1. Just for region 34-60: of the residues that are of a type in the set (Ser, Thr, Tyr) and not in a strand (DSSP E or B), which one is farthest from residue 71 (Cα to Cα)?
2. Are any residues in region 37-51 touching a Phe, Trp or Tyr at 6+ places or on another chain (Cβ under 9 Å) and either open to solvent by 90 Å² or more (accessible area, probe 1.4 Å) or at pLDDT 95 or above (or both), and if so, which ones?
3. Kindly provide the set of residues from region 52-75 that are modelled with pLDDT under 90 and polar (S, T, N, Q), ordered by number.
4. Somewhere in region 63-72, is a residue touching a residue at least 24 places away in the same chain (Cβ under 8 Å) and more than 14 Å from residue 18 (Cα to Cα)?
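The values are calculated or read from the model by the stated rules, or taken from the named source; none is laboratory data. Source: prediction; values computed, not measured. Cβ sites come from the backbone with ideal geometry, for glycine too, and all protein chains shown count toward neighbours. Keep in mind that these areas ignore ligands, DNA and RNA; they rest on the heavy atoms of the full protein, side chains included. Shrake-Rupley method; radii C 1.70, N 1.55, O 1.52, S 1.80 Å.
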Amino acid sequence: KELIRSTLKRIEEMNSSLFIIRTHRAFIVNLRKVKQVEGNSQGYRLGFENIEETVPVARRSAHQVKALLTKLHKQ
């Protein structure tokens, strides 16, 4: 394994996948790995398999996250 130090902004710019997005100022997630969505339009939280904590979704990202999750479930 190799440790690479970088900012989330830089990682976000290098990303070419549609389903790996920044959901919050401190989180970039792969939406294909989401197992559970909690909350409402006031605030969503994403749950993942084998991880106890949930990841918040910023209000500015909520529409994009919802649209991409809907697209994933239709496939």
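1. Here the residue is 54.
2. 46
3. Residue satisfying the conditions is 75 alone.
4. no
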